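For reference, the structure discussed in these notes is given below.
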Amino acid sequence: AKSLGKSRVEVYNEFLLASVTTRMHLENDLRRALQGQEFLLHYQPIVALPTAEIVGFEALVRWQVPGGPLIFPGDFITVAEETGLIVPLGLWVMREACLTSLIWNQRFGQERKLGMSVNISPRQFAQHDLVPEIQRILIETGVDPATIKLEITESGTMGDPARAVHILSQLKLFGVQLSVDDFGTGYSSLSYLHRFPIDILKIDRSFVSGMVEDTDSRQVVKTVMALATGMGMQVVAEGIECQEQALQLTQMGCDFGQGYLFSKPLPEAEVVAMLSSRTAT
Ligand code: C2E
Ligand code: CA
Ligand code: CA
Ligand code: CA
């Protein structure tokens with residue numbers, strides 16, 4: 001029943017998604033993809049600055065249409081979010097990432113445990129059964145919860161900050177860590193941030209890419225660093241593409257980074273090969 005036309009899938013892009021029929025096709029295809037196990041994860045290293053030692057990975061979902069192209073989340077996450085398909089997809093991502101973390105830490109986590117960051121979408125965060133679902137996956141996979149970092153966005157939490165505090169506190173009890181993703185792009189209420197049991201702030205790529213040339217971006221990065229340090233949170237800078245950015249971030253005291261300078265998101269086999277060669281040396 002894999003009659004999915006390659007040509008149709010190839011034309012999914014933000015421009016065409018404006019078309020209602022394309023969106024309908026996409027929704028149907030996403031449903032089928034979920035049943036047909038066409039999703040997979042790529043893993044982008046997160047490194048310590050300035051040594052570039054790998055401390056963990058972020059799990060990023062991909063859609064491999066059989067015999068077709070690899071589709072990136074930018075072309076389907078919005079529709080998955082709007083249709084609610086992100087809920088089962090997100091739970092699949094969580095389970096898969098937990099299993100991977102378990103296996104990689106058994107093989108490569110002797111000296112230092114490897115972290116695994118998992119994105120939780122606003123729609124997922126709004127589900128009334130998020131907490132028991134996460135708990136079930138942690139228990140069923142047998143992963144060490146201390147290796148798991150759940151990435152939430154400001155928009156996922158600020159609609160109902162009091163509820164968010166409650167949910168986040170429950171998740172913390174499982175032993176996972178919590179990150180705020182794309183920090184600085186949403187509008188967070190700083191008066192609530194300190195009440196959230198957040199461990200990590202991820203500075204959005206837009207500030208990092210601007211920081212070398214643009215003093216305003218650099219100032220934002222500095223301010224986020226000060227804020228995080230003051231609240232006892234760690235900072236991960238996203239989207240580091242050049243040495244100069246890494247250097248400036250290090251000088252500002254940023255401990256962790258992620259970006260093409262270090263590595264693109266990689267298929268599982270490539271990460272295993274990389275970690276194996278690292279252990280061998
Ligand atoms: P994000 O969570 O901010 O993830 C980082 C994105 O930036 C990834 O794009 C990554 O490939 C890209 N990136 C990393 N380093 C660099 C760099 O140096 N330069 C540039 N230009 N880009 C870099 P990707 O994988 O296409 O994912 C895009 C977004 O889709 C993610 O942004 C996240 O919001 C969403 N997403 C991905 N996987 C999942 C998932 O499993 N669940 C949910 N809810 N959302 C996901
Ligand atoms: Ca993320
Ligand atoms: Ca991000
Ligand atoms: Ca981002």
Report the residue count in region 37-72 for those that are open to solvent by 30 Å² or more (accessible area, probe 1.4 Å) and either part of a strand (DSSP E or B) or at negative phi (or both).
10
Within region 131-161, the count of residues that are on the phi < 0 side of the Ramachandran plot, open to solvent by 20 Å² or more (accessible area, probe 1.4 Å) and away from ligand 4 (no atom under 16 Å from the Cβ) comes to 13
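Please determine, by comparing only the residues of region 162-214 that are in a loop (DSSP other than H, G, I, E, B) and of a type in the set (S, T, N, Q), which one is most open to solvent (accessible area, probe 1.4 Å).
Among those residues, the one meeting the criterion is 185.
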Looking at residue 65 and the list (1) within 24 Å of residue 23 (Cα to Cα); (2) more than 17 Å from the chain's Cα centre (by Cα); (3) without any contact (Cβ under 8 Å) to a residue 24 or more places away in the chain, which single condition is not satisfied?
(3)
Filter result for residue 236 (within 16 Å of ligand 4 (Cβ to nearest atom) and modelled with pLDDT under 95):
no
Per the list (1) open to solvent by 70 Å² or more (accessible area, probe 1.4 Å); (2) within 15 Å of ligand 1 (Cβ to nearest atom); (3) not β-branched (Val, Ile, Thr), residue check on residue 256 breaks on (1)
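Okay, residues lined up against (1) in contact (Cβ under 8 Å) with a residue 40 or more places away in the chain; (2) touching a strand residue (DSSP E or B) at 6+ places or on another chain (Cβ under 9 Å); (3) open to solvent by less than 20 Å² (accessible area, probe 1.4 Å); (4) of a type outside the set (D, E, K, R):
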| position | (1), (2), (3), (4) |
| --- | --- |
| 83 | yes, no, no, yes |
| 106 | no, no, no, yes |
| 113 | no, yes, no, no |
| 126 | no, no, no, yes |
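Looking at region 247-263, can you tell me whether even one residue there is among the charged types (D, E, K, R) and either in a helix (DSSP H, G or I) or within 16 Å of ligand 3 (Cβ to nearest atom) (or both)? Even if it seems obvious, please write down each step before you answer.
Of all residues in region 247-263, those among the charged types (D, E, K, R) come to 255.
Of the ones still in play, those that are also either in a helix (DSSP H, G or I) or within 16 Å of ligand 3 (Cβ to nearest atom) (or both) are none.
No, the conditions are met nowhere in region 247-263.
Could you check region 142-186 and list, in sequence order, the residues that are among the small types (Gly, Ala, Ser) and either at pLDDT 90 or above or away from ligand 2 (no atom under 14 Å from the Cβ) (or both)? Spell out how you get there, then give the answer.
Initial filter on region 142-186 (among the small types (Gly, Ala, Ser)): 142, 146, 155-156, 159, 162, 164, 169, 175, 179, 184, 186.
142, 146, 159, 162, 164, 169, 175, 179, listed by residue number.
The values are calculated or read from the model by the stated rules, or taken from the named source; none is laboratory data. In this text the structure is predicted, and so the values were computed from the model without any measurement. As a convention, Cβ positions derive from the backbone with ideal geometry for all residues, glycine included, and neighbour counts pool all protein chains shown. Ligands, DNA and RNA are excluded from the accessible area calculation, which covers all protein heavy atoms including side chains. Shrake-Rupley method; radii C 1.70, N 1.55, O 1.52, S 1.80 Å.
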